[in-house]
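**Student:** Have a look at the structure that comes next, please.
The values are calculated or read from the model by the stated rules, or taken from the named source; none is laboratory data. Bear in mind that the values here come from a model prediction, so they are computed numbers and not experimental data. As a convention, Cβ positions derive from the backbone with ideal geometry for all residues, glycine included, and neighbour counts pool all protein chains shown.
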Amino acid sequence: MKPALVDTDILSMFFRHDANVMRMFREYLSVYDCINISIITYYEILSGLYHKRAFLQVDLFFDFVSRSKVFHLTEESVKISANLYAELRNSGNVIDDGDILILVLVTNNRRHFEKISGLEICNWSE
């Protein structure tokens, strides 16, 4: 199993106690020290919880994050992502701006991300 960056949809499934995702989290954590998420996923989860006024879940999310690694944007990652976005848009294959900033991914949304050439995708919900 390779190091992975967990996307918002898989993390949401984890918090809903999806059996397959829970199993893959346990398997991953038997090899690696923590779960990796991007600052984009951090934002998407937190904004969704605040929108729902799910303050208990916000506290649980902060506890989860305290034991995880959050990858922040860098100038280099933004340059690479901007170039990928331009290439996709010029070819008529547009994805969300936030999603283009993710370069290695564990997601349940394979169809959305397979437009990005060279992106390795793994689905922990299967």
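**Student:** Of all the helices (runs of 4 or more DSSP H) wholly in the stretch 21-126, which have at least 3 residues that are within 16 Å of THR8 (Cβ to Cβ) and modelled with pLDDT of 95 or more?
**Tutor:** In the stretch 21-126, the matching helices (runs of 4 or more DSSP H) lie at 39-52, 55-66.
**Student:** Another question, if that's okay. Do we have ASP7 as under 18 Å from ASN123 (Cβ atoms), of a type in the set (D, E, K, R), at pLDDT below 80 and surrounded by 14 or more Cβ atoms within 10 Å (Cβ to Cβ) here?
**Tutor:** On the way: under 18 Å from ASN123 (Cβ atoms): yes; of a type in the set (D, E, K, R): yes; at pLDDT below 80: no; surrounded by 14 or more Cβ atoms within 10 Å (Cβ to Cβ): yes.
Judged against the criteria, ASP7 is not a match.
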